[in-house]
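K.L.:
Pasting a structure here, questions to come.
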């Protein structure tokens with residue numbers, strides 16, 4: 001059994017973000033096919049007539065399992081005070097749910113009816129919500145009681161097993177200082193006798209969206225101070241602490257809204273015999289290591305046993321400086337009625353009962369009391385006998401300050417925006433506006449999500465018009481957002497639709513343009529939005545494009561993040577393009593989702 005050292009500390013938080021991999025192309029295909037469901041969840045079977053409806057919003061990594069448990073609860077005939085409950089589980093990422101509750105839940109905007117129960121991955125999100133609503137009229141959304149936990153899982157650094165063993169795993173304690181050492185060493189992995197592995201590459205999600213990213217960020221601040229509790233605002237302002245964290249961030253390949261991108265890309269690389277070429281470590285929850293090694297990175301119970309186990313498994317490094325734990329709190333919202341609160345209490349008792357706790361442990365969670373099950377074994381890449389030093393999460397005001405500080409310390413980006421202006425973009429959406437108008441409005445807002453010292457440029461493309469030599473046009477050269485934003489917004493506002501879709505030629509040219517100026521101190525990426533498929537006879541060579549984009553062939557990788565926009569977009573091809581460059585494709589075939597999709601895309605930077 002793994003022992004969580006919680007003496008004098010509160011159990012804390014970290015989320016799991018899980019992934020789906022079945023075969024080669026199917027790996028990424030399933031993963032991306034599931035992306036639209038993230039944030040909108042699913043039901044738990046037919047409604048129980050006469051029972052109290054109870055909506056539970058759950059973090060993405062456990063929503064599938066929780067949905068199955070809710071279905072079992074509904075079918076059990078269980079009653080309380082002579083009444084029954086009909087539980088429905090809605091999946092929504094912890095950060096997104098926090099934002100929705102802070103703004104006031106809107107069923108059309110936030111997906112599904114207003115919940116009575118919220119179970120994020122970690123209590124840190126509850127603290128952030130308290131901080132957010134403390135001075136607003138939404139302050140009553142949370143009660144005063146400390147939420148109960150339904151399961152736990154600590155944050156770890158997942159590493160390909162040979163890399164971890166080269167650093168001394170499992171006998172040698174490892175942590176954030178080792179990450180910093182290899183990131184800063186110009187020899188990279190050559191410092192430990194493996195120059196063939198190149199530089200140290202870290203995968204880490206955006207802490208504004210993902211629990212693993214939030215807890216990894218907080219954990220690196222703790223590591224910089226050498227303490228395990230009482231992180232203060234003064235610590236965050238300490239230049240030495242800032243330099244440590246900035247050094248760790250320097251090894252990041254890119255950020256993201258979910259670890260699913262990293263795990264799916266790693267599985268795809270592994271399936272092609274390149275499991276050591278993509279990433280050196282990724283900050284995930286312990287459970288995600290188990291799921292990846294079982295060939296089911298999403299942890300969806302329906303997919304258990306259907307995937308292919310990786311050739312190179314991952315192992316868990318428990319940071320020696322300490323780590324935070326995702327405690328999966330069960331928050332009964334203050335806006336629930338007395339009947340709904342009673343129903344919520346009965347469902348909680350059901351989840352904490354031994355039979356349901358075994359389901360959590362069989363899925364590689366720890367129980368709500370921190371105890372481990374048989375799934376947590378060294379054979380599965382985990383260290384069940386290692387004592388885990390649990391960090392005390394910072395106070396809400398310090399947590400908020402940590403996010404603000406990270407915004408200044410994160411790795412900067414160089415991003416080329418490539419927007420489709422072909423004739424089909426003039427087609428009307430359900431809102432009565434053209435696809436192009438809806439996309440323009442979202443693109444204008446997305447520019448404000450970049451930092452002033454990020455670099456952004458803008459291209460548009462269709463097919464060759466009026467004798468132009470190429471089907472794409474450089475509208476705004478690459479430059480700092482502080483100087484480029486106004487011009488980019490002006491060009492976007494004036495765009496109009498005409499011509500066909502030269503998808504392959506434009507993608508290749510954009511990637512090569514950025515590759516010529518790529519540097520390891522920035523996240524180098526192309527973001528390409530299109531509503532169609534390739535319609536350019538002069539370049540129909542998809543296989544050649546995929547070879548050109550293959551990140552394994554590039555010294556400095558340029559990732560191509562694609563957005564399938566509108567119901568005519570060739571999502572399957574866009575998935576292959578993003579997979580080849582070790583990035584992610586996003587599904588905005590419903591044009592009304594483009595705002596949320598662009599937020600998720602920009603979270604990679």
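K.L.:
So is residue 256 in a loop (DSSP other than H, G, I, E, B), on the phi > 0 side of the Ramachandran plot and buried (at least 22 other Cβ atoms within 10 Å of the Cβ) or not?
P.N.:
Values: in a loop (DSSP other than H, G, I, E, B): yes; on the phi > 0 side of the Ramachandran plot: yes; buried (at least 22 other Cβ atoms within 10 Å of the Cβ): yes.
So residue 256 fits the description; yes.
K.L.:
Do you know which residues across the stretch 105-117 are out of contact with any helix residue (DSSP H, G or I) (no Cβ under 6 Å at 6 or more places or on another chain) and touching a residue at least 24 places away in the same chain (Cβ under 8 Å)? Reasoning before the result, please.
P.N.:
Looking only at the stretch 105-117, we keep the residues that are out of contact with any helix residue (DSSP H, G or I) (no Cβ under 6 Å at 6 or more places or on another chain), and these are 105-109, 111-112, 114-115.
Listed by number, the residues that qualify are 111, 112, 114, 115.
K.L.:
In contact (Cβ under 8 Å) with a residue 60 or more places away in the chain and over 19 Å from the mean Cα position of the chain (by Cα) - does that describe any residue in the stretch 252-267?
P.N.:
No - not one qualifying residue is present in the stretch 252-267.
K.L.:
Scan the stretch 168-197 residue by residue and report those that are under 21 Å from residue 377 (Cβ atoms) and in contact with a strand residue (DSSP E or B) (Cβ under 8 Å, 6 or more places away or on another chain). First the steps, then the outcome.
P.N.:
To start, the set of residues in the stretch 168-197 that are under 21 Å from residue 377 (Cβ atoms) comprises 168-174.
If the condition is that a residue be under 21 Å from residue 377 (Cβ atoms) and in contact with a strand residue (DSSP E or B) (Cβ under 8 Å, 6 or more places away or on another chain), then 169, 170, 174 are the ones that fit.
K.L.:
Additional query: For the stretch 138-164, which positions are surrounded by fewer than 22 Cβ atoms within 10 Å (Cβ to Cβ), closer than 20 Å to residue 117 by Cα and in contact with a strand residue (DSSP E or B) (Cβ under 6 Å, 6 or more places away or on another chain)?
P.N.:
Residues of the stretch 138-164 that are surrounded by fewer than 22 Cβ atoms within 10 Å (Cβ to Cβ), as a first pass: 138-148, 161-162.
With the extra rule that they be closer than 20 Å to residue 117 by Cα, the set shrinks to 138-148.
Passing the criteria: 147, 148.
K.L.:
If the requirement is being under 18 Å from the mean Cα position of the chain (by Cα) and outside any helix (DSSP H, G or I), which of these qualifies: 282, 289, 218? Spell out the reasoning first.
P.N.:
Working: 289 fails: outside any helix (DSSP H, G or I); 218 fails: outside any helix (DSSP H, G or I).
Among 282, 289, 218, only 282 is under 18 Å from the mean Cα position of the chain (by Cα) and outside any helix (DSSP H, G or I).
K.L.:
Quick one: which of 297, 301, 313 is touching a helix residue (DSSP H, G or I) at 6+ places or on another chain (Cβ under 9 Å) and surrounded by 22 or more Cβ atoms within 10 Å (Cβ to Cβ)?
P.N.:
Working: 301 fails: surrounded by 22 or more Cβ atoms within 10 Å (Cβ to Cβ); 313 fails: surrounded by 22 or more Cβ atoms within 10 Å (Cβ to Cβ).
That would be 297, the only listed residue that is touching a helix residue (DSSP H, G or I) at 6+ places or on another chain (Cβ under 9 Å) and surrounded by 22 or more Cβ atoms within 10 Å (Cβ to Cβ).
Residue-wise test of (1) surrounded by 19 or more Cβ atoms within 10 Å (Cβ to Cβ); (2) in contact (Cβ under 8 Å) with a residue 40 or more places away in the chain.
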| position | (1), (2) |
| --- | --- |
| 187 | no, no |
| 192 | no, no |
| 201 | yes, yes |
| 206 | yes, yes |
| 221 | yes, yes |
| 228 | no, yes |
| 234 | no, no |
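K.L.:
Got a number for residues in the stretch 292-335 being in a loop (DSSP other than H, G, I, E, B) and within 30 Å of residue 130 (Cβ to Cβ)?
P.N.:
Step one: list which residues in the stretch 292-335 are in a loop (DSSP other than H, G, I, E, B), which gives 294-297, 299-300, 304-313, 318-322, 324, 327-328, 333-335.
Going one step further and asking which of them are within 30 Å of residue 130 (Cβ to Cβ), we end up with 299, 318-319, 321-322, 324, 327-328, 333-335.
Selection size over the stretch 292-335: 11.
K.L.:
Could you list, in sequence order, the residues of the stretch 370-385 that are surrounded by fewer than 19 Cβ atoms within 10 Å (Cβ to Cβ) and without any contact (Cβ under 8 Å) to a residue 60 or more places away in the chain?
P.N.:
374, 377, 379
K.L.:
Let me ask you something else. Would you pick out the residues in the stretch 581-597 that are within 30 Å of residue 275 (Cα to Cα) and surrounded by fewer than 24 Cβ atoms within 10 Å (Cβ to Cβ)?
P.N.:
Answer for the stretch 581-597, where residues must be within 30 Å of residue 275 (Cα to Cα) and surrounded by fewer than 24 Cβ atoms within 10 Å (Cβ to Cβ): 587, 597.
K.L.:
Ok, one more. When you go through 348, 303 one by one, which is the residue that is touching a residue at least 24 places away in the same chain (Cβ under 8 Å) and not assigned by TED's automatic domain parsing to the domain that holds residue 211? Can you show your working first?
P.N.:
Values: 303 fails: not assigned by TED's automatic domain parsing to the domain that holds residue 211.
None of the others qualify; the one that does is 348.
The values are calculated or read from the model by the stated rules, or taken from the named source; none is laboratory data. Bear in mind that the values here come from a model prediction, so they are computed numbers and not experimental data. We place every Cβ from the backbone using ideal geometry, glycine too, and count neighbours over all the protein chains shown.
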